[in-house]
Amino acid sequence: MPIQEKNYWLETVSTSPVQSARDLPEEVDVAIVGGGFCGLSAARALAKRGVNTALLEAETLGWGASCRNGGMVLTGMKLPVPTLIRRYGREAVRKMYAASLESINQVEQIVREENIDCNFSRSGHLEVACKQSHFDAYEESAALIREEFQHELRIIPKSELRREIGSDIYFGGMVDEASAGLNPGRYVAGLAHAAQRAGACLHNHTRVEKIEAKPQNGARRFRLLTSQGAITAREVILASGAYTGEAAPALRRKIIPIGSYIIATEVLSADLARELSPRNRMIYDSKHFLYYYRLTPDKRMLFGGRAAFFPETDNTVRKSAEILRRGMISVYSQLRDTKVEYVWGGTLDFTLDVMPHAGKLDDMYFAAGFAGHGVAAATWFGAKLAGLVCGDKDDLPFTKIPFPTAPIGLRSGHTWALPLAGLWYRLLDFLT
Ligand SMILES: Cc1cc2nc3c(=O)[nH]c(=O)nc-3n(C[C@H](O)[C@H](O)[C@H](O)COP(=O)(O)OP(=O)(O)OC[C@H]3O[C@@H](n4cnc5c(N)ncnc54)[C@H](O)[C@@H]3O)c2cc1C
C-alpha cells in the first residue's frame, strides 16, 4: 500500500488556527504577499511599530515551505565560509555570519516573548562528512570561523563519531552548539497569533494576482488585485519565497524552486532514539544532494533530502518516500524494519548564486533565497524588511550584493531543466 502524503508537523499543532481577517481593507500602509516565516515576522514587527498592515496569503498561513521544513534552526549559510570570503571579502562575510547567529537569537527571543510552545531547543547541529576530503575541509572552515567570527565549531574525528550519531558510514563530523531545533508547524501558528495580537490583519485564501504601481497625488501607491478584491498599499513586501508567481515577475525570474522531501517514521523506543542521535542534534551530510535528519520531539526519525528536482506532486512525493527510506537505511541500518508513517514535500527558494537576497525590485521590498536555512533567516529578514519600511538604516550585507537572474529553464514555472540541475548536483557529488 503506497504511503499517502501527510505532514507530521501539521498534525502536532495544538493551538486553534488564526482566524482570517474578514473583509479586505480598501487601503493599508503595507501589504505583505505571503504568510510564511518571512511574511509573518514582517507583519508582527510592523504591527508592533503601529503600521497598518495586511498580510495576504494565497492558501493558509504557513502553507508554503514554512510548515514543511525540517525545523532545523541553523548557523551559517548554505555556502561554506571559505567560498563566501573568496566571493564577497572578509568584511561583508563577517556581517553575514553575524546575521546568521543573530537570526537564531531572534527566533529564540520571539519564542520566549510570544510564549510559543514549539519545542525550541539549542541542541546544536552536526554536519557529517561523506568523503575524507570533505572532513579535511571542515578543519579549514572551523579555523577560519574561529579566527574571523570568534565562533567555535568542534571537529569530531571518525573514532569519536559514535558519541554523536549511531552510524559508521561517515568520515567524521563538525558540531555547532549554537544551532537549534523547533517544530515549524507550531512556530508558524505562534508567529501568526503574535502578529495578529499586535494588530496585523492576516488574510487566508487571498491570492495576489497582479500588482500595479498607481501613484496618487505624486505619492507612491500600489494596487494589488487579489482573488478577494483590490487593496491599495503605500508599500509592498514580497514574502512569497519559492512559491513566487506571476504577480511578482521580476522576483520570479530570480528564484530557482527546488523540491525537497521528508519522511517521518513511527515513534522509536527511547533506547533506539538515543542510539541514533545521542545528543539529539540537527544532522546533515556534506553532499550537494544532501540528506538532513533529526529526531522529532516525540522521537520519530525525520529524514529529508532532495530526492527529486522539481516541485512536489502526488507522484514525486510517493517516489521520494521510497528513495528517502532507502537513504535512511543506508545511514541507519537499525531502521530497516521501522515503519514510515509520514511523507511530504515542499519547495525551497534557491538563487543562482545560492545566497539570500533582500532589497527592492520594481520599487517593492523583497527577501528570498533562504534555501535550506530559512527557519531563522526568513524570520530575521522579515523583521529587517519591516525596519526598512519604517525608515531604519539599511545595514544588511545582503542588499548590497549582486542578485543574478536565473537561466530561463531553472525559473519558477519553467521547470523543464530542473532534472538537469539534479544531474549536475549528483555529478558534483561524484567529482568533489
Ligand atoms: C522540505 C523542506 C525542508 C526544509 N528544511 C529546512 C530546515 O530544516 N531548516 C531551515 O532553516 N530551512 C529549511 N527549509 C527552508 C525553509 O522552510 C524556507 O526557507 C522558509 O520556510 C521560507 O519562508 P518564506 O516565508 O520565505 O516562504 P514560504 O514559507 O514558502 O511562504 C511563502 C508563501 O507565499 C504564498 N504566496 C505565494 N504567492 C502568493 C500570491 N501571489 N499571493 C498570496 N500568497 C502567495 C505561498 O502560498 C506561501 O505560503 C526547508 C524547506 C523545505 C521545502
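The values are calculated or read from the model by the stated rules, or taken from the named source; none is laboratory data. Keep in mind the model is a prediction, meaning the values are calculated, not measured. Backbone-built Cβ (ideal geometry, glycine too); neighbour counts: all protein chains shown. SASA here: full protein model, heavy atoms, side chains in, ligands and nucleic acids out. Shrake-Rupley method; radii C 1.70, N 1.55, O 1.52, S 1.80 Å.
Take the conditions (1) open to solvent by less than 30 Å² (accessible area, probe 1.4 Å); (2) over 24 Å from H288 (Cα atoms); (3) free of Cβ contacts under 8 Å to residues at least 24 places away in the same chain; L84 misses just one of them, which is (2).
Considering each of V389, V354, V340 in turn, give the residue that is more than 8 Å from the ligand (Cβ to nearest atom) and modelled with pLDDT under 95. First the steps, then the outcome.
On the way: V389 fails: modelled with pLDDT under 95; V340 fails: modelled with pLDDT under 95.
Every option except V354 fails the conditions.
Among the residues of the stretch 43-85, those that are at pLDDT below 95 and not polar (S, T, N, Q) comprise G76, M77, K78, L79, P80, V81, P82, L84, I85.
The strands (runs of 3 or more DSSP E) falling completely within the stretch 138-245 that include 2 or more residues that are modelled with pLDDT of 95 or more and more than 24 Å from the chain's Cα centre (by Cα) map to 154-157, 208-213, 222-226, 229-238.
The residues of the stretch 64-122 that are of a type in the set (F, W, Y) and within 14 Å of the ligand (Cβ to nearest atom) amount to a single one, F120.
If you check V93, V73 for being touching a strand residue (DSSP E or B) at 6+ places or on another chain (Cβ under 7 Å) and hydrophobic (A, V, I, L, M, F, W, C), only one passes: V73.
Any residue that is under 15 Å from the mean Cα position of the chain (by Cα) and either open to solvent by 30 Å² or more (accessible area, probe 1.4 Å) or within 11 Å of the ligand (Cβ to nearest atom) (or both) - is there at least one of those in the stretch 323-331? The answer is no; no qualifying residue exists.
Please work out if A264 is free of Cβ contacts under 8 Å to residues at least 40 places away in the same chain and open to solvent by less than 10 Å² (accessible area, probe 1.4 Å). Answer is no for this residue. Filtering R274, R220 for residues that are without any contact (Cβ under 8 Å) to a residue 40 or more places away in the chain and either farther than 29 Å from R318 by Cα or not small (G, A, S) (or both) leaves a single hit, R274. Looking only at residues in the stretch 357-376 that are part of a helix (DSSP H, G or I) and open to solvent by less than 20 Å² (accessible area, probe 1.4 Å), the one that is nearest to the ligand (Cβ to nearest atom) is G374.
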